[in-house]
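Visitor: Dropping the structure in here first, questions after.
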Amino acid sequence: MKRAHFRLMTVGAVGLLISMTMVAFADDAKEAAIKKDRKRIAGTWKIVSLEINGNKSSNEDASKLKVINDVDGSWSLHSEGNEVGRGTTTIDPTQTPKTIDIKSTTGQDQGKTMLGIYEVDKNKRKLCFAPAGQNRPTEFSSTAANQHILVKFERVKGKKEISSR
């Protein structure tokens, strides 16, 4: 009887150890993916396309906006050279699609968090997010019905900008 109890405890302990190792490995893989995408996102990005509630902004209006992203997840939004917003992001590149939570720390949306999805490669980026308090988008679309904001970016090349943090 004691021997069976010992075996059961040993099997349970080994199972727990394996589970803990798998969770630690998954956490390490997620952190590595976050670090990789943070590096890809870092830099200055000009907005080349902006749709709000299905209404596409003119290229002239969109081109006035740029975003500076730091590797720590902080960002600042600039319109015609003036900072109009600042905040932080939390990303999860292990989700499909990749998810982003955008929190404004200044500006008209201060204290609000908007849920979104994103794609990023070397020189292009796409972001779709919902207004604060709404569900995260599941696809890259902006319509009057879903009220999402769809933004397409291109990296500003050869221009190093230092944000005033």
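The values are calculated or read from the model by the stated rules, or taken from the named source; none is laboratory data. As the structure is a prediction and not an experimental result, all values here were calculated from the model. Cβ sites come from the backbone with ideal geometry, for glycine too, and all protein chains shown count toward neighbours.
Visitor: Quick check: anything in the stretch 32-55 at pLDDT 90 or above and more than 22 Å from the chain's Cα centre (by Cα)? Let's see the steps before the verdict.
Guide: The initial filter retains those residues of the stretch 32-55 that are at pLDDT 90 or above, namely 32-55.
If we keep only those that are more than 22 Å from the chain's Cα centre (by Cα) as well, we get 55.
Taking every residue of the stretch 32-55 in turn, at least one turns out to be at pLDDT 90 or above and more than 22 Å from the chain's Cα centre (by Cα).
Visitor: Another question about this same structure. May I ask you to verify whether Thr96 is modelled with pLDDT of 95 or more, in a strand (DSSP E or B) and surrounded by fewer than 15 Cβ atoms within 10 Å (Cβ to Cβ)? Let's see the steps before the verdict.
Guide: On the way: modelled with pLDDT of 95 or more: yes; in a strand (DSSP E or B): no; surrounded by fewer than 15 Cβ atoms within 10 Å (Cβ to Cβ): yes.
No.
Visitor: May I ask you to verify whether Val67 is aliphatic (A, V, I, L, M), surrounded by 15 or more Cβ atoms within 10 Å (Cβ to Cβ), closer than 17 Å to Arg155 by Cα and touching a Phe, Trp or Tyr at 6+ places or on another chain (Cβ under 6 Å)?
Guide: Values: aliphatic (A, V, I, L, M): yes; surrounded by 15 or more Cβ atoms within 10 Å (Cβ to Cβ): yes; closer than 17 Å to Arg155 by Cα: yes; touching a Phe, Trp or Tyr at 6+ places or on another chain (Cβ under 6 Å): yes.
Yes.
Visitor: Please verify whether the stretch 125-144 includes one or more residues that are at pLDDT 95 or above, part of a strand (DSSP E or B), surrounded by fewer than 16 Cβ atoms within 10 Å (Cβ to Cβ) and among the hydroxyl-bearing types (Ser, Thr, Tyr).
Guide: No, the conditions are met nowhere in the stretch 125-144.
Visitor: Kindly evaluate Ile52 against the criterion of being in contact with a strand residue (DSSP E or B) (Cβ under 8 Å, 6 or more places away or on another chain), touching a residue at least 40 places away in the same chain (Cβ under 8 Å), within 21 Å of Glu154 (Cβ to Cβ) and surrounded by fewer than 16 Cβ atoms within 10 Å (Cβ to Cβ). It would help to see each step written out before you state the result.
Guide: Values: in contact with a strand residue (DSSP E or B) (Cβ under 8 Å, 6 or more places away or on another chain): yes; touching a residue at least 40 places away in the same chain (Cβ under 8 Å): yes; within 21 Å of Glu154 (Cβ to Cβ): yes; surrounded by fewer than 16 Cβ atoms within 10 Å (Cβ to Cβ): yes.
Spelling it out, Ile52 is indeed in contact with a strand residue (DSSP E or B) (Cβ under 8 Å, 6 or more places away or on another chain), touching a residue at least 40 places away in the same chain (Cβ under 8 Å), within 21 Å of Glu154 (Cβ to Cβ) and surrounded by fewer than 16 Cβ atoms within 10 Å (Cβ to Cβ).
Visitor: Kindly list the number of the only condition in (1) exposed (fewer than 11 other Cβ atoms within 10 Å of the Cβ); (2) at pLDDT 95 or above that fails for Ala13.
Guide: With (1) exposed (fewer than 11 other Cβ atoms within 10 Å of the Cβ); (2) at pLDDT 95 or above applied to Ala13, the lone miss is (2).
Visitor: Here's another thing I want to ask about it. Give me a count of the residues in the stretch 56-87 that are within 21 Å of the chain's Cα centre (by Cα) and either in a loop (DSSP other than H, G, I, E, B) or within 21 Å of Thr143 (Cα to Cα) (or both).
Guide: 5
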